[in-house]
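Structure record follows, encoded as structure tokens.
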Amino acid sequence: MLTPLTDCPFFSGAFTSLFRHIADVVTAAEHLKSDRDPAEWWHALIMAALLHDIGKLDPNFQQAVANRQHAAGDENELSHNVLALFLLDEQLFSKQVKEPESVLSAIVFHHWRDYYVDLIMGNRIDDIKSKAEEILSRAGEWMDWLQDLREQLQDIAQKHDIDFNVIKLNKKLLQYFCHNSLLDSGLVMPPYTLALLPQRLKNEIAATTEQFRVFITGNLMRCDHFASQVESGDLDLQLKDIEYACFPSYEALAATMCFDNGREPWQKQFFDRNKALQNSNLILLAPTGAGKTEFAYLWGAGRKNFFLLPMQAAVNSIFTRTEKLLSKAGADFQGHVSLLHGNAAIERRSHYRQQGEKIPEEQREGEIGRFVAMARHFAEPYIIATADQVAPAALRYPGYERTYAVLMDSALIIDEVQAYNPKAAAIITYLLTSVASLGGRVLLMTATLPPFIKKTISNRMSLSDQQVVNVLEQDITELAPVIDTVLHKIDFYLYETQQDHKETEVLNKLAQRLLDELKQDKKILAIFNTVKRAQAFYQCVRRLSDAELYQDNIILLHSRFTIDDKKDIEDTVVNKKMPNSPKRPAGGCLVISTQIVEASLNIDADILYTELCPIDSLLQRMGRVFRRFVHAGMADDLVKPNIIILLDRYKWGSGLLSSKRSVYDDDLIKVTLACLLMAANKIMLANDDVKQFCQNGFRSILDEPKQSKKGVKLPENVFILQTALQQTFTLDASQKDKLINQVYSLLAELESSYIRDYYDTLETLEYGYCADKLRDAQRIFREVSNVDVIPTARLADFIKKVEKWLKQDKKDFSSFQEQIINSSVISVPYNTGRKAFNDLTAWQKVMDLAEDQDKALRHRLERWLGNIQIVEADYGKELGLMLKENKNGTSREQVYE
């Protein structure tokens, strides 16, 4: 039998004594301590850290770990954290901490297992009874082990004024559990499940109690996870690295933003005039180019900052900007920015290659590993992340408190909320309001904000008028060019594809128009609503173009490329062909893309051709055009339209080569078009007239001037909208803001499913919904049913790469992803790819190659490749993935990006 503490191990990638681990978790908690929270909270956290793993004294656990098995995952055994209940004097415990139920719950549930629901509700009462009886039968041995434990932990306990006699074999409680369930005891607060919702509603807890519970539970998880990371020895980490609590001051950040002439930026002038707002929750509405990011830096000064953005490209861009800013703010802040998304390690390797840094591979990989680990542990003062890495915590999956515990003491910045679907926007709304209620500070900043979201957030957070900052309403001289300058002149391009044979003709005509623009050295951006349409149009343009003259100046960009290829294309577009820079390269280019460019790529085009899309997306697309005036300080005269909206009179809700199913919400598309036409004619129709227009459709107005196809008489003034199709019109920043409000006001009157989805999701969260797992929460937030695929055209190359990788000495996921996944795998929506599946997975294709490998490696390979489907498809660096028809039928086009 293993002796307690000195030999007793737990499994964390390496064997570490139980005493050492407990001491490490306590030390980590000491390094987290700050003056922002009450001293009694930190005392309770130290006590939880001291006691969280005492259940690992269980000989069954020790033996399982000694045999290299992870006993905590064995559902046939009560986990060590639940056993802590039996080993504490609950009365003495209650006297030593604030709100003992919350602290004890943090200890008991700091690891969560799926079977805990049954355990809590009494469905596994026999398991608790059996374990209680087993411990009572060996009471003498357990008392000896606990005495040893008290002696070993005595110094730590005395240092923090904890009575170590709280560690005790609780015979009375053991006897109680021989007959009763965990829930009946009333000792713990059951988390994470709708099944327990009625109980939680009956025992409504105060806001301060919830703050304390989240603080204790989340920070205990942070300390436990980080201590295990340090103890694994895989990375150059120390316990003090759990929190780099060094934040640049407001003055230091403002100094980095001052212009060469010493003039202060408008953001500093604003906060100098409104000092109280620098410590308030805010909504910032500002047009593209106004400086929202710099506003956020000053607002979040002196605290940990979380920047959440919708897309990886945007996150990478803000990460780079933040690194440069902090390097100017002082040496103490250099290298203390975290990048958090699914491909952060890849991005870091790319950084090393671009910098040409010649360091040994082992050292480089160690630095990358540390960089990623610090991001995942929220250890740095600035965390720049995709929203799906943080926002799903609002769905309260088991362990969400780890994220909330950090956010409740941080500044949370959400950028471009309109980029998310209604359900995700509701989740972000709930995240903002819940973080604010826990004491964190939040800033929502965006160029376009649906008024129903603004109203909901303002009401739930009780924001004053001053806390909703609309730059358009501010007297800011520096922003006059941004606000007053007309950047966009809009025209409609009307065509029809009622018959299939006309589609080629339509594409050819449009392609030739863009090629003529290209000959004039224009930088042209063409955005389509699906990958299929973008690919078809690219093929048409290349077919009609002079291959030699335009070979490198016509580019296709969408989501259906491999990670490596997409990164190369984005780099070419952003840095070489269409940069948003005062020193733009000469010559024209044509970038054909999808909504992947809306808010993620820092580019500047001369002219935009775009299919009709919702008003938010349309304004974001327009924001990629004519941005250079910001650098020049003035705008050129707009003689010709630089925004061309493509409209198919027979498929106006979907566009070129569309499927029967519209990509976007039908009501949102209809109202967007109606409002655009009213803006073009400078008229305002009654809401009833607009509803008539939306209900009867755009096509009917063109075909039958006085009545709809259904014979429904339309109001005379509705037909005024038709004349707008032949007009050009302009939009300045103020008009765009009014357009957003108009669209969503009308959408609310239509009782659109778009708005209902938002409110229904928010209501579900308010009623206490909890996701079962983190990955479920992320799936709900993304609303993605994507599947990773390898096209048959790349299959032979994929197999060769796996074979080569298996011959290497280093076989970890990092190298596997960089050498194989990034160059072979594409993510597509399930409904798009499913009919092209050939019923084989990537693992099945290479499992024979791994036959001679050890069992652990084969298991990892199966886990990495088992869900990657093989699809009948071509693939090329120009077009990306091109799905084929197979025996199951033609794959259906539903791809958005």
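Among the residues of region 586-623, just one is acidic (Asp, Glu) and part of a strand (DSSP E or B), namely Glu611.
Suppose we filter region 742-779 for residues that are in a helix (DSSP H, G or I) and more than 30 Å from Pro190 (Cα to Cα); how many remain?
Number of matching residues: 12.
Do we have Ser327 as in a strand (DSSP E or B) and hydroxyl-bearing (Ser, Thr, Tyr) here? No: the conditions fail for Ser327. For Cys246, the criteria (1) at pLDDT below 95; (2) farther than 18 Å from Leu325 by Cβ hold in every case but one, which is (2). The set of residues in region 235-256 being part of a loop (DSSP other than H, G, I, E, B) and surrounded by fewer than 17 Cβ atoms within 10 Å (Cβ to Cβ) consists of Asp236, Gln238, Ala245, Cys246, Ser249.
Can you name every residue in region 795-817 that is out of contact with any Leu (no Cβ under 7 Å at 6 or more places or on another chain) and buried (at least 16 other Cβ atoms within 10 Å of the Cβ)? So that I can check it myself, show each step before the final result.
Filtering region 795-817 down to residues out of contact with any Leu (no Cβ under 7 Å at 6 or more places or on another chain) leaves 795-801, 804-805, 807-810, 812-817.
Hits for region 795-817 are Leu795, Phe798, Ile799, Lys801, Trp805, Phe816, Gln817.
So which residues in region 61-91 are under 21 Å from Leu182 (Cα atoms), part of a helix (DSSP H, G or I) and at pLDDT 75 or above? Within region 61-91, Phe61, His80, Asn81, Val82, Leu83, Ala84, Leu85, Phe86, Leu87, Glu90, Gln91 qualify. Which is assigned by TED's automatic domain parsing to the domain that holds Gln312, closer than 26 Å to Phe226 by Cα and at pLDDT below 95, of Glu416, Glu380, Glu365? Within the list Glu416, Glu380, Glu365, the selection yields Glu365. A single member of Tyr382, Tyr400, Tyr430 is among the hydroxyl-bearing types (Ser, Thr, Tyr) and in contact with a Cys (Cβ under 9 Å, 6 or more places away or on another chain), and it is Tyr400. Among the residues examined, Val230 qualifies as modelled with pLDDT of 90 or more, surrounded by 15 or more Cβ atoms within 10 Å (Cβ to Cβ) and within 30 Å of Leu45 (Cα to Cα). Of all positions in region 257-274, at least one carries a residue that is modelled with pLDDT under 90 and in a helix (DSSP H, G or I).
Does any residue in region 454-479 that is farther than 18 Å from Ala296 by Cβ and assigned by TED's automatic domain parsing to the domain that holds Ile414 come within less than 8 Å, Cβ to Cβ, of a residue that is modelled with pLDDT of 95 or more and of a type outside the set (Ser, Thr, Tyr) six or more places away or on a different chain, and which pairs are these? As it stands, the answer is Ser458/Ile283; Ser458/Gln467; Ser458/Val468, since those pairs meet every condition given. For Asp475, the conditions (1) of a type in the set (D, E, K, R); (2) outside any helix (DSSP H, G or I); (3) touching a strand residue (DSSP E or B) at 6+ places or on another chain (Cβ under 9 Å) all hold with the exception of (3). Hey, any hits in region 94-110 for a residue that's touching a Pro at 6+ places or on another chain (Cβ under 6 Å) and among the hydroxyl-bearing types (Ser, Thr, Tyr)? So far as region 94-110 goes, yes, one or more of its residues are touching a Pro at 6+ places or on another chain (Cβ under 6 Å) and among the hydroxyl-bearing types (Ser, Thr, Tyr). Evaluated against (1) under 27 Å from Gln735 (Cα atoms); (2) more than 18 Å from the chain's Cα centre (by Cα), Leu309 falls short on exactly one condition, (2).
Have a look at Ala394, Ala387 and point out the one that is out of contact with any strand residue (DSSP E or B) (no Cβ under 9 Å at 6 or more places or on another chain), crowded, with 20+ Cβ neighbours inside 10 Å and of a type in the set (Gly, Ala, Ser). Testing whether each residue is out of contact with any strand residue (DSSP E or B) (no Cβ under 9 Å at 6 or more places or on another chain), crowded, with 20+ Cβ neighbours inside 10 Å and of a type in the set (Gly, Ala, Ser) leaves just Ala394. Regarding Ile384, is this residue touching a Leu at 6+ places or on another chain (Cβ under 7 Å), outside any helix (DSSP H, G or I) and touching a residue at least 60 places away in the same chain (Cβ under 8 Å)? Yes; evaluated as a whole, the condition is true for this residue.
Would you say Glu133 is under 30 Å from Ser410 (Cβ atoms) and modelled with pLDDT of 85 or more?
Working: under 30 Å from Ser410 (Cβ atoms): no; modelled with pLDDT of 85 or more: yes.
No, not satisfied.
Specify which of the listed residues (Ala405, Ala480) is outside any loop (DSSP other than H, G, I, E, B) and touching a Ser or Thr at 6+ places or on another chain (Cβ under 9 Å).
On the way: Ala480 fails: touching a Ser or Thr at 6+ places or on another chain (Cβ under 9 Å).
Within the list Ala405, Ala480, the selection yields Ala405.
Against the definition (in a helix (DSSP H, G or I), buried (at least 22 other Cβ atoms within 10 Å of the Cβ) and in contact (Cβ under 8 Å) with a residue 24 or more places away in the chain), how does Val372 come out, yes or no?
no
Evaluated against (1) surrounded by 13 or more Cβ atoms within 10 Å (Cβ to Cβ); (2) touching a residue at least 40 places away in the same chain (Cβ under 8 Å); (3) closer than 30 Å to Ala28 by Cβ; (4) more than 43 Å from the chain's Cα centre (by Cα), Arg150 falls short on exactly one condition, (2). Of the listed requirements (1) within 22 Å of the chain's Cα centre (by Cα); (2) over 24 Å from Leu308 (Cβ atoms), Asp565 misses just one: (1). Residue count for region 307-342 under the criterion of being touching a helix residue (DSSP H, G or I) at 6+ places or on another chain (Cβ under 7 Å) and surrounded by fewer than 18 Cβ atoms within 10 Å (Cβ to Cβ): the result is 4.
With respect to (1) among the aliphatic types (A, V, I, L, M); (2) in a helix (DSSP H, G or I); (3) farther than 23 Å from Thr256 by Cβ, the lone exception for Ala314 is condition (3).
The values are calculated or read from the model by the stated rules, or taken from the named source; none is laboratory data. Here the structure is a predicted model, which is why all the values come from computation and not from measurement. Neighbour counts run over all protein chains shown; Cβ positions are idealised from the backbone, glycine included.
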